[in-house]
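Have a look at the structure below before the remarks.
We did not get these values from a lab; they are worked out from the coordinates using the rules stated. Predicted model only: the values in this text are computed from it and were never measured. As a convention, Cβ positions derive from the backbone with ideal geometry for all residues, glycine included, and neighbour counts pool all protein chains shown.
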Amino acid sequence: MRKGGHNDEVWHSTRRWRADSDPDGDFGLILPERIGPKLDELKRLMEQAGRDFSTLELTVLADPPRLNEKEIRTYQAAGVNVLYMLPISNDHQAVIREMRKFATTMQVVG
């Protein structure tokens, strides 16, 4: 089951569902400047549900056009385990360029 969206109501209901049920991962598009407070909320909800936040795998969808080394380090510092991109274009050459840039940036950061 997957729920998603970008407003606070959807965020809260999705995170409440994940905190109260048995999923062991989380994913979505969360910008680096917003991830800290969102993860704090998720930790709180999981604690209320009696779940161990440290067992959660955090996977985040990156925004490739704006992704840079600083943003990757912000995600890492927040505890994100997996960062992925979703290239969307009808131009396959543009997708390949975007994927190569993403891979190179990820390799630089390590």
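Over region 22-110, with a single point scatterer placed on each C-alpha, what log10 of the ratio I(q)/I(0) does the Debye formula yield at q = 0.19 1/Å? Result of the Debye calculation: -0.87.
Want the number for S89 to T104: 0.36 nm per residue separation, take away the alpha-carbon distance, what's left?
3.4 nm
Enumerate by residue number the GluC sites (Glu not before Pro) in region 29-86 meeting two conditions: DSSP loop (anything except H, G, I, E, B), and at most 11 other Cβ atoms within 10 Å of the site's Cβ. Passing both the DSSP loop test and the Cβ count: no residue.
For a footprinting-style exposure proxy, rank I72, I96, I30 by other Cβ within 10 Å, fewest first. Write out the running numbers ahead of the final one.
Working: I72 20, I96 12, I30 23.
So the ranking, lowest neighbour count to highest, is I96, I72, I30.
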